[in-house]
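Quick notes on the structure that follows.
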Amino acid sequence: MKTPPKTFHVKSFGCQMNVYDGERMAELMTAQGMTAAADANDADLVVLNTCHIREKATEKVYSDIGRIRKTAGKSGGDPMIAIAGCVAQAEGEEIVRRAKVDVVVGPQAYHNLPALVAQAAAGTAALDTDMPLASKFGHLPARRRVGPSAFLTVQEGCDKFCTYCVVPYTRGAEVSRPFAAIVDEAKALVDAGAREITLLGQNVNAWVDADGRGLHDLIRTLDRIPGLARIRYTTSHPNDMAQGLIDAHGDVESLMPFLHLPVQSGSTRILKAMNRSHGRDDYLRLLDRVRAVRPDIALSGDFIVGFPGETEADFADTLSLVDAVGYAQAFSFKYSPRPGTPAATMTDEIAADVMDERLQRLQASLGRDQRAFNEASVGRTCHVLVERVGKLPGQWLGKSPWLQSVHLIGDHAIGDMVTVELTGATQSSLSGCVPHAQPREMLNVLHNVLTV
Ligand code: 5AD
Ligand code: SF4
């Protein structure tokens, strides 16, 4: 028997969907009368919301568990530990056996967390990695208080089975939430303080409902919610980029000019081995169609270097694709074999030093393009949504429509939508001022001081 926990702390790793899930688990436990602790060391219950996508994820979880126990032990504590997220799904009972944690709960079962915690408090380790047909969303409490930019999961799971990826195994098959439930949650988020909503899904642009409506229909409906100024969505698959969604980028004002569209490699041969079901030219043609309706759109992508069999010529194709696209930002990773995926059994692995060197070259190109994109924004006037306070007194941090971080100095508040002239750029952020309100040179000096 353990004392039922009164305080909790959720630590989320990995993707934005995990951030969303972490928020929903926190809301669940708050609705049970528990209080959030800002520090894991002060919590009776620590939830590790884990990620399994790359690199030794499982080992990291075990060492985190050890660290939590050791730190808590020093002050005489013995917190209950719950493992959630994709490592929980992949490892299941093994975590209970190996680390003696109290609760293991998969991404499709976390609505049961309070019951599992109660079972653990009664003395039996509790495990739920089911993927039930009935969705967890109907069992979660209403959204009450959120920041100006909120996440909303509309779709989960993946049917694409890229050969390197664990997601189809940990998150299950593609499932779309119903239209009305999403619209209701969006309205609740706006009532709770959101001015921007990012629609989330592992393949968000595969969202479809029973009446055949697609993501663009959903976006057009959300666009009519009073008070909702900005809509974004992520992550998209090139094959699900319907013309209706492309068209929405041309005429839905609240749909922000930003598209995260992972390509993974610029080599059609490697894309085939990855089972990506699109080639290099399909991807480039698709981006041409998007740019035709929204020429200023900021493009973002994901890349994997060192996939088994990747030759120098394949990698050169990736670099030339990057040059052709001119990404505003991008994520790039070294290939990491994931247990249970088809690529994990491929034999022509790439040596670690070759992978390191390719990643460096790719990141140099991507960094150069990101800086160029930011520099090209200087002189533009745009809206910035103020999201948090900056490091200096009077400094604020917000986002441009193109998802760039913008530093502002002035009399603002979190949630303000400010008209800003962009005045300076670095690779990772911009500085801006409210036209005629501040001496611009002064702000640029401050920006440079802050970002060196
Ligand atoms: N190795 C390296 N990167 C991976 N990703 C997914 N699986 C792997 C893997 N096994 C990357 C892809 C994906 C992003 C979320 O993580 O680029 O788009
Ligand atoms: Fe993984 Fe590919 Fe599905 Fe993306 S599309 S989640 S990379 S299997």
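The values are calculated or read from the model by the stated rules, or taken from the named source; none is laboratory data. What you are looking at is a predicted structure, and each value in this text was computed from that prediction instead of being measured. Virtual Cβ from ideal backbone geometry, glycine too; neighbours counted across all protein chains shown. What goes into the accessible areas is simple: the full protein's heavy atoms, side chains included, and nothing from ligands, DNA or RNA. Shrake-Rupley method; radii C 1.70, N 1.55, O 1.52, S 1.80 Å.
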In the neighborhood of residue 417, defined by Cβ-to-Cβ distances under 12 Å, what is the net charge if each Lys or Arg adds +1 and each Asp or Glu adds -1?
0
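For residue 282 and residue 93, what is the calculated FRET efficiency with R₀ set at 35 Å and r taken between the beta-carbons, to the nearest 0.05? It would help to have the intermediate numbers written out before the result.
Numbers: r = 42 Å, r/R0 = 1.21.
For residue 282 and residue 93, the calculated efficiency is 0.25.
Calculate, in nm to one decimal, what residue 11 and residue 59 gain on full extension: separation in residues at 0.36 nm each, minus their alpha carbon distance.
Numbers: separation 48, 0.36 × 48 = 17.28 nm, distance 1.64 nm.
Extending this stretch completely gives an extra 15.6 nm.
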Using the reciprocal of the averaged 1/r over all distinct C-alpha pairs, how large is the Kirkwood radius of segment 7-128 in Å?
14.1 Å
What Cys residues in the chain have no fellow cysteine's beta-carbon under 4.7 angstrom?
15, 51, 86, 158, 382, 433
Send over the semi-axes of the chain's equivalent ellipsoid, whole angstrom and largest first, taken as the square roots of 5 times the C-alpha gyration tensor eigenvalues.
35, 29, 23
Quick one: with all protein chains in place, what share of the accessible area of the chain is carbon or sulfur, to the nearest percent (1.4 Å probe)?
53 percent
Mind listing the long-range amide H neighbours of residue 378? Cut-off is under 5 Å, sequence gap 5 or more, other chains count too, H placed in the peptide plane at 1.01 Å from N.
none
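Below 11 angstrom from the Cβ of residue 148, what's the summed charge of the other residues (Lys, Arg +1; Asp, Glu -1)? Walk me through the intermediate numbers first.
Working: positive: 195, 230, 388, 399; negative: 196, 387, 416.
With Lys, Arg at +1 and Asp, Glu at -1, the net is +1.
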Enter the Cα centre distance for the pair segment 238-317 and segment 409-437, rounded to the nearest angstrom.
30 Å
With a 1.4 Å probe and all protein chains left in place, how much accessible area per residue does the chain have, in Å²?
43 Å²
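Mind ordering 77-88, 266-277, 389-400 by average Cβ neighbours within 10 Å, highest first? Mind dumping the intermediate values first?
Working: 77-88: 23.6, 266-277: 19.7, 389-400: 16.6.
Packing order, densest peptide first, comes out as 77-88, 266-277, 389-400.
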For each pair in 60/391; 70/100; 160/272; 2/74, compute the distance between the two Cα atoms and list the pairs where it is over 23 Å.
60/391
Pairwise centroid distance, computed over Cα atoms, of segment 362-376 with segment 175-221, Å:
32 Å
For residue 333, enumerate residues with amide H under 5 Å from its amide H, sequence gap 5+ or separate chain, H modeled in the peptide plane.
303, 304, 305
Lys/Arg +1, Asp/Glu -1 at C-beta; segment 297-379 dipole; positive extreme among 324, 364, 297
297
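What whole-number value in cubic angstrom gives the convex hull volume per residue for the C-alpha atoms of segment 276-417?
Working: hull volume 23.4 nm³, N = 142.
Dividing the Cα hull volume of segment 276-417 by its residue count gives 164 Å³.
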Between residue 324 and residue 159, with labels modelled 7 Å along Cα→Cβ, what's the label distance in nm to one decimal, could you check?
2.9 nm
Describe numerically, in nm with one decimal, the distance between label points set 7 Å from Cα along Cα→Cβ at residue 211 and at residue 242.
1.3 nm
Taking only C-alpha pairs under 8 Å that are 6+ residues apart, what is the relative contact order of the chain in percent?
9 percent
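Mind listing which trypsin sites (Lys or Arg not before Pro) in segment 1-47 are in a DSSP loop and have 14 or fewer other Cβ atoms within 10 Å?
On the way: sites: 2, 6, 11, 24; in loops: 2, 6.
Those satisfying the criteria are 6.
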Counting other Cβ atoms within 10 Å of each Cβ, which trypsin sites (Lys or Arg not before Pro) in segment 61-111 have at most 14 and sit in a DSSP loop?
100
